[in-house]
Amino acid sequence: MFEILQRQPQFQVIDNGLLVRAPAKINLSLLVAGRRPDGYHQLKTVMAKVSFYDLLWIRRTDRPGIALTCSGPCWSPAGPDNLVLKAAMGFARAFGIADGLQITLEKHIPAGSGLGSGSSDAAATLLGLSRLFGPVNTSLVNGLAEQLGSDVPFFLAGPISLCTGRGEIVQCIQEQFSFIALLIVPQIHCSTSQVYANYRHDQQAYDRLDTLISTCLRMGRVDEMCNLDANMLASSCLSLSSELTVLKKRVEQLIGHVSLSGSGSAMFKVFRTDAEDKVKACCELISKEVGCTSVVVHSNDW
Ligand code: C5P
């Protein structure tokens, strides 16, 4: 059996509040230019949102303060470590909001999978609260997003963007690029900070890929970029997890080359929108032979 996840709207009005969808992202390319004096790594990455969503139910209540409940098939921290709570507290402080809020996070995108999970939840919180309490100063919201994490500003914009700096400088890619993708989500948690700490810079690889990717961007050929398998964090991630290395090999024996998203562990393969039968067949094969979660997703249009 395979699951095809259709595009859904970003916001829906509910009783006393708003339902906000927080999409997963995949890195169509991820170049690392080296480690910076502040410890972060300088990036040049093209990220795309896909139709695989966490759900955030935000309701006003009479009870003062902000309460968070976590539900859904995937785990996320229930306390103050949750980026949703951090985002909501930061928003309330920045805009002087004292209303009581009950937020329920329905978690479907696993953390530690390179799909942007927690960062997307944080951005969805900021976007939802901006809708409920807005209009608000968007540069203040962007500032909050940057503090919450390098990927969070991307999720405020999109759906496909070139992100530079440590990831927080976001430039929307105007070319329309619709795709379907097979997403393989193993139950393996990869720590982003560990994958970066284990990264060994290869300037030659960077220069070679940078030339190719710059050409793709200049020509408006994001589709061509997907064939380059340009993820410079992949070897670091795979060297930390032999389980993932074995799994990726097994997947590739069955369906050909797949790329890693971000710092892993999720893998993906991009297809043209008219190749639905092909992507379904790959998805079915992976579910049957490998037994890990695999879904068909669409590129997001927001
Ligand atoms: O920014 P964020 O909190 O999401 O980053 C998590 C960790 O990933 C950082 O603490 C850092 O170790 C690593 N990182 C990095 N360079 C980046 C982004 C993240 O080294 N550009």
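Of note:
- Stokes-Einstein translational diffusion, region 144-302 - Kirkwood Rh over all Cα pairs, 0.692 mPa s, 37 °C, in µm²/s: 194 µm²/s
- The convex hull around the C-alpha trace of region 19-60, projected and averaged over every direction, spans 4.7 square nanometres.
- Size of region 77-126: Rg and Dmax of its alpha carbons, in Å, are 11.5, 35.
- Under 5 Å, built H, 5+ apart or other chain: amide partners of Ser51: His298, Asn300
- The chain - Rg and Dmax from Cα coordinates, angstrom: 18.9, 59
- Applying 1/(1 + (r/R0)^6) with R0 = 35 Å to the Cβ-Cβ distance of Arg250 and Ala67 gives a FRET efficiency near 0.20.
- Think of the chain as a dipole: +1 on every Lys or Arg Cβ, -1 on every Asp or Glu Cβ, centred on the Cα centre; then among Gly149, Leu247, Leu233, Gly149 lies furthest on the positive end.
- Kirkwood-based Rg to Rh ratio, region 62-169, C-alpha trace: 0.96
- Placing one equal scatterer on every Cα of region 103-151 and applying the Debye formula, the log10 ratio I(q)/I(0) at q = 0.15, 0.32, 0.33 Å⁻¹ is -0.43, -1.22, -1.25.
- Between Asp223 and Asp210, the simple spin-label model (points 7 angstrom out along Cα→Cβ) gives 2.9 nm.
- Dividing the helix sum by the residues of the chain, where each DSSP H run of 4 or more adds -39500 (n - 2.57), gives a mean residue ellipticity at 222 nm of -10500 deg cm²/dmol.
- Calculated on C-alpha atoms, the gyration radius of region 1-145 divided by its Kirkwood radius gives an Rg/Rh of 0.99.
- Residue of Ala98, Ala33, Ala78 that the Gaussian network model of the chain assigns the largest fluctuation, springs spanning Cα pairs under 10 Å: Ala98
- Accessible carbon and sulfur surface of region 154-285 relative to its total accessible area, %, 1.4 Å: 48 percent
- Accessible surface, the chain, averaged per residue in Å² (probe 1.4 Å): 46 Å²
- Within region 131-237, trypsin sites (Lys or Arg not before Pro) in DSSP loop having at most 15 other beta-carbon neighbours inside 10 Å: Arg200, Arg221
- Computed with every protein chain present, the accessible area of Asp151 is close to 40 Å² [probe 1.4 Å].
- Electrostatic dipole magnitude of the chain [Cβ: Lys, Arg +1; Asp, Glu -1; Cα centre; debye, to 20]: 240 debye
- For region 71-78, 3J(HN,Hα) per residue [Karplus equation, 6.51 cos²θ - 1.76 cosθ + 1.60, θ = phi - 60°, Hz, x = Gly/Pro]: 9, x, x, 10, 7, 8, x, 7
- For Ile97 and Gln6, the FRET efficiency from 1/(1 + (r/R0)^6), where r spans their Cβ atoms and R0 equals 41 Å, is about 0.75.
- If you run the Gaussian network model on the chain, springs between alpha carbon atoms under 10 Å, then out of Gln204, Gln176, Gln194 the most flexible one is Gln204.
- Set Lys49/Lys278; Lys249/Lys269; Lys107/Lys288 screened for pairs whose C-alpha atoms are more than 19 Å apart: Lys49/Lys278; Lys107/Lys288
- Paired Rg and Dmax values of region 159-199, which use every Cα atom, in angstrom: 14.5, 35
- Under the criterion of Cα pairs below 8 Å and six or more residues apart, the relative contact order for region 14-70 equals 44 percent.
- Under 18 Å from the Ser178 label point (7 Å along Cα→beta-carbon), backbone N, region 275-291: 275-280
The values are calculated or read from the model by the stated rules, or taken from the named source; none is laboratory data. Just so it is clear, the model here is predicted, and its values are computed rather than measured. Backbone-built Cβ (ideal geometry, glycine too); neighbour counts: all protein chains shown. When the accessible area is computed, the model is the full protein with side chains, heavy atoms only, and any ligands, DNA or RNA have been set aside. Shrake-Rupley method; radii C 1.70, N 1.55, O 1.52, S 1.80 Å.
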